[in-house]
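Quick notes on the structure that follows.
The values are calculated or read from the model by the stated rules, or taken from the named source; none is laboratory data. Here the structure is a predicted model, which is why all the values come from computation and not from measurement. For neighbour counting, all protein chains shown are included, and Cβ atoms are generated from backbone atoms with ideal geometry for every residue, glycine included. For accessibility, only protein heavy atoms count, side chains too; no ligands or nucleic acids. Shrake-Rupley method; radii C 1.70, N 1.55, O 1.52, S 1.80 Å.
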Amino acid sequence: MSKYTDYGTPAKVADKTITLEIDGTQITVPEGTSIMHAAMVGGVTVPKLCATDSLEPYGSCRLCLVEVEGRRGFPASCTTPVAEGIKVKTQTPKLAELRKGVMELYISDHPLDCLTCATNGDCELQDMAGAVGLREVRYGYDGENHLKSEKDTSNPYFQFDPSKCIVCSRCVRACEEVQGTFALTIQGRGFDSKVASGTENFLESECVSCGACVQACPTATLIEKSVVQHGVPEHSVTTTCAYCGVGCSFDAEMKGEQVVRMVPSKNGGANHGHSCVKGRFAWGYATHKDRITTPMIRKSIHDAWTEVSWDEAINYAASEIKRIQAKYGTESIGGITSSRCTNEEVYVTQKLIRAVFGTNNVDTCARVCHSPTGYGLKQTLGESAGTQTFDSEMHSDVIFVMGANPTDGHPVFGSQMKRRLRQGAKLIVADPRQIDLVSSPHIKADYHLKLRPGTNVALIAAMSHVIVTEGLVNEAFVKERCEWDSFQVWRDFSAKQENSPEALSETLGVPAEDIRAAARLYATGGNAAIYYGLGVTEHSQGSTTVMGIANLAMATANVGREGVGVNPLRGQNNVQGSCDMGSMPHEFPGYRHVSDDATRALFESAWGRPLSKEPGLRIPNMLDQALAGKFKALYCVGEDIVQSDPNTQHVTHALEKMECVIVQDLFLNETAMYAHVFFPGASFLEKSGTFTNAERRVSPVRRVMTPKNGFEDWEVTAKLSSALGYPMHYNHASDILDEIAKLTPTFKGISFKKLDELGSVQWPCDDENPAGTPTMHIDEFVRGKGKFFITEYVPTTEKVNAKYPLILTTGRILSQYNVGAQTRRTDNVAWHPEDIIEIHPHDAEDRGINDGDWVGIASRAGETVLRAKITERVQPGVVYTTFHHPESGANVITTENSDWATNCPEFKVTAVQLTKVTQLSDWQREYKQFSETQIDFAKNPRTEAKV
Ligand code: SF4
Ligand code: SF4
Ligand code: SF4
Ligand code: FES
């Protein structure tokens, strides 16, 4: 039996086994197994409708009745547990009669439109009618029935047709057990019972459109609109979601080259058959009319684009790179990869930059999100990655969520977390804002530490103080596993009175007794796991907080086994992978420093080119150097630095100073508006490769359709390389992965073949761990002994004052994804058509701001205008917005402050003032004009060469 049931709940594996007889066959199963499941184990199929292997048994449809020798009646096999020695019959004339009667009742109130029904051939009701041999229905439609019930088509992606509902409650249970939203109920009794969402329709309800109910529905009652449109799929290909760092596995169900639906794969190691609205439904951007599929070039960003052939575009880009390097030197160019790229794309891009451009000027968007994770965890534990699997949390007794919003940012993992919390795990949330986890159906955080933005290090210091001074350190663990000297220094530092909760309470804005209680719970509540996100990393002390978190975990022995650990929730699908693949200016793949002679020799020998031992420029340094006139060309693959990096004006001015900006993307993104060469990109549905999720899980991305632009992205990079005189001899992404495995110890055992066999694998995967490593640091830390670091709280220089009295912090929302380039081009805009600014009622009242008003937001960096939402989710003095729409200009107001170790921007703390306004900001008006011109340039390109 597998260790986990569907959706990652630890299977109830009893020590005791039971032997029973089913239809004459002896079957042995663990105690507690249902008769239905035992029958399934023995290869006997019992008819069923309300039961499904992903949900708890319910026992409502009465189709699975069986006979048990010596027992009266006909128990439902789905809810009746096995017992020693019982003899069960699943097929008798009486059972056949009863089942037929049940089905007859269902069918008598069901439209008989099977031939024209969208799920004809894929409907459990139809299957069961066949299975029980129902050939005629004695009851007509004359009596009361539900056949005229009105359809609810309000949800953009699925419809609800109550006339087809058999009230089996699978949808209600899926929403509760799997998703944890509790949006549906069964209303009424008997004939009047029906599925209800508690509001007018699905769109208005609490539903978050995860689709679990649609997947669970055995009839066409809840059905994807895409299936209604295209019909039942013909074949499927398993691939990996291209959105967040959960890395859900999906079966892309296809009709030819048309995706009919994305069904989360039950074998998915990260998602176990669940998904969120983005992965399951928001894939329409791949065929959106805004896609650019022909390469374009131009001399100046003020010119219209000229459409050219691939050869012309590649040769032009190569000639520009050569010209610029000849004129301004080798270091005048560089490249940026995206966490949306596959591992293979990132690898070939950094190889191109190091081996062909001859510089280490390569960076990735992890710079602006999780670079402090890479730094902090490497320093303390020895590896720049999270320590656990997602499933590990099902063994946690205490869950500490810091600066993360899993139900919005990592929804499938958030649902799993809710499941564990409903089972009784304790919850500590440290967040300035009331995220959904703080209070949602059947969940209430034990402690919500509403700290002020920018004070994470102070909170960790105060918790450490409690743990050290109240004797809660696990000294045996520390002595055995950690550097004792570093621990002693940390212990003495933590014990200082200035680090006590009482001393730091005012700074934090959190009562000292809450900090003490939360620290005690974390240290003594059993298995305690920390999950953190960008609310930890995107600060001037991001790396310090990461190290502080690792200190806490080591001091309390909460690392090195299931249920515990230090778990960064990576934002994008391949943040982990883009860092693993050496897309950092100081590291080769596998986090090996460019100055290390042996590593450099290894890559020089493999790549046949001399490599620089000087670390290259980080993104902010590239931009600074551009403004200084020294950095002249950029190859930007899949990344939109204009929208995602801080201080937008600084970024755009830097791009304007460059002589050749090459952008490779699906759409004319904001950065492409400053580009001279546009290489059309391929969507995840059009390429092969791998993504590595937040738990180090490498999952396959499989091509399900032909690239609309003609090439997979790695092929374009390889073509550019050839044009620069360095052919890359790969035939398929698998060849690239093989090269990665050869040169990167943690990837040594990973290949497409292995991924075909295992589905996915968590690195390190090598000779010792051929099936990968779910939990790290079990017997010893990767660096040998764990190292404690002093994490002194240094307040940010971004201070509030009379002019800028509020702190702006940012985050994301469930329906949108990062810069929104993908999700804005899907029906997800139904939920979040624009970014809004959340403001506490007191702050709003002080400023005369009403809900829905336009509000000007001014910071030391710039000004923008957003619509106000008045809510107590934020505390007084703090305002909050998302950054999914370019016209919002969220990063026009964020400053250039950054993490001391990694330059990760301090997105989470910007001092601002809010005022009621009636028109857009100057920046927004200029942006509107500029972007309209640029879109026009792309929509009406020249066809003859004009450069
Ligand atoms: S909508 Fe589907 S899953 Fe829900 S009760 Fe009706 S038939 Fe069952
Ligand atoms: S889509 Fe998800 S959240 Fe919405 S009702 Fe169905 S299960 Fe619940
Ligand atoms: S966006 Fe994240 S949680 Fe949602 S389906 Fe994709 S990988 Fe899973
Ligand atoms: S499947 Fe057992 S009662 Fe419905």
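Okay, here's what the table says:
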item	result
Contour excess over end-to-end distance, with Cα ends at Ala802 and Ser595 and 0.36 nm allotted per residue	69.8 nm
Rounded FRET efficiency, nearest 0.05, which uses the C-beta distance separating Asp122 from Glu757 and R0 of 35 Å	0.80
Computed over segment 221-264: relative contact order in percent, which uses C-alpha pairs under 8 Å that are six or more apart	36
Cα→Cβ-extended label distance, 7 Å offset, between Thr933 and Arg323, nm	2.2
Ranked by how many other beta carbons lie within 10 Å on average, peptides 772-784, 835-847, 680-692 from highest	680-692, 835-847, 772-784
Net +/- balance of residues flanking Glu498 in space, Cβ distance below 13 Å, scoring K and R +1, D and E -1	-3
For Trp900, solvent-accessible area (1.4 Å; no DNA, RNA or ligand), Å²	140
Per-residue SASA entry for Lys322, accessible area with 1.4 Å probe, Å² rounded to 10	110
Mean separation of Cα contacts under 8 Å (6+ apart) over length of segment 314-398, as relative contact order %	21
The chain - mean residue ellipticity at 222 nm from DSSP helices (-39,500 (n - 2.57) per run, n ≥ 4, rounded to 500)	-8000 deg cm²/dmol
Mean separation of Cα contacts under 8 Å (6+ apart) over length of segment 467-529, as relative contact order %	36
Heavy-atom surface of the chain, accessible at 1.4 Å and reported per residue (Å²)	36
Residues Ser605 and Asp15, FRET efficiency given R0 of 45 Å [Cβ-Cβ distance, rounded to 0.05]	0.25
Cut-off 14 Å between beta-carbons: net charge of the residues surrounding Leu203, Lys and Arg +1, Asp and Glu -1	-3
Electrostatic dipole magnitude of segment 291-382 [Cβ: Lys, Arg +1; Asp, Glu -1; Cα centre; debye, to 20]	260
Euclidean distance of C-alpha centroids, segment 211-273 and segment 656-702, integer Å	24
Dipole magnitude (debye, nearest 20) for the chain, charges at Cβ of Lys, Arg, Asp, Glu	400
Cα centroid of segment 505-560 to Cα centroid of segment 84-138, whole Å	55
Point-to-point label distance, Thr706-Glu926, nm (Cα→Cβ direction, 7 Å offset)	4.5
Point-charge dipole on Cβ atoms (K/R +1, D/E -1) for segment 393-515, about Cα centre, debye to 20	560
Within-9-Å neighbourhood charge of Gly616 [Cβ basis; K, R +1; D, E -1]	-1
Furthest towards positive pole of dipole, Ile223, Ile839, Pro162, structure part the chain, Cβ charges	Ile223
Arg696, Arg420, ranked by accessible area, largest first (probe 1.4 Å)	Arg420, Arg696
Global geometry of segment 797-924, whether rounded, prolate or oblate, following the gyration tensor of its Cα atoms and the 1.5 cut on a/c	oblate
Label point distance in nm, Glu97-Glu150, each placed 7 Å from Cα along Cα→Cβ	4.4
Highest-first arrangement of 737-746, 457-466, 345-354, 474-483, where packing means the average Cβ count within 10 Å	345-354, 457-466, 737-746, 474-483
Difference of contour (0.36 nm per residue) and Cα-Cα distance, Thr330 to Thr915	205.8 nm
Among Ser338, Thr648, Ile27 - extreme Cα towards positive end, dipole of the chain, charges at beta-carbon	Ile27
Estimated FRET transfer efficiency when R0 is 51 angstrom, pair His653-Lys479 (beta carbons, to 0.05)	0.40
Phe907 - accessible surface, heavy atoms, 1.4 Å probe, Å² rounded to 10	10
Which of Leu98, Leu427 is most accessible, then next, and so on - probe 1.4 Å	Leu98, Leu427
Positive-pole candidate from Ala445, Leu472, Ala517, dipole of segment 442-548, charges at beta carbon	Ala445
Highest-first arrangement of 856-864, 397-405, 924-932, where packing means the average Cβ count within 10 Å	397-405, 856-864, 924-932
